[in-house]
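Nothing in this text is a laboratory measurement; each read-out follows from the coordinates by a stated rule. These figures come from a predicted structure and were not determined experimentally. Note that each Cβ is placed from the backbone with ideal geometry, even for glycine, and that neighbours are counted across all protein chains shown.
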Amino acid sequence: MQNAEEVFLQHEEGLLSDDQFNSHRAYLVVFFSSAGVRWYWNVWKSQRPGTQQAFKTWIDEIIREVPTRSFDVSMDGFLAQMLAAKTNTQ
């Protein structure tokens, strides 16, 4: 979370371009689609009351936009995802 906060703050200060910021945001959209990551976010957020509120609000908005997904990390799940990706690119 520290990295996401740092990227957010650097963008706020004008040190990162919109393209760089949006690239990181796209990563966070996938990251926060996990139920486990969402749970961790709530724990992290509750333990850091001094964290910038604008950052917390930004992450909360991402979470509201993105449906929760389950990830199958088994070998069968991986192979199914690879096959689906290959089929979608042909």
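List every residue pair whose Cβ atoms sit under 7 Å apart, with the two residues 6 or more apart in sequence or on different chains, where the first one lies in the stretch 24-42 and is closer than 10 Å to Ile59 by Cα and the second, anywhere, is of a type in the set (Gly, Ala, Ser). Close Cβ pairs satisfying both conditions: Leu28/Ala4. Taken together, the criteria place Thr68 among residues that are in contact with a Ser or Thr (Cβ under 8 Å, 6 or more places away or on another chain), β-branched (Val, Ile, Thr) and surrounded by fewer than 16 Cβ atoms within 10 Å (Cβ to Cβ). If the condition is being among the β-branched types (Val, Ile, Thr) and assigned to a helix (DSSP H, G or I), then the stretch 39-80 contributes Val43, Thr57, Ile59, Ile62, Ile63.
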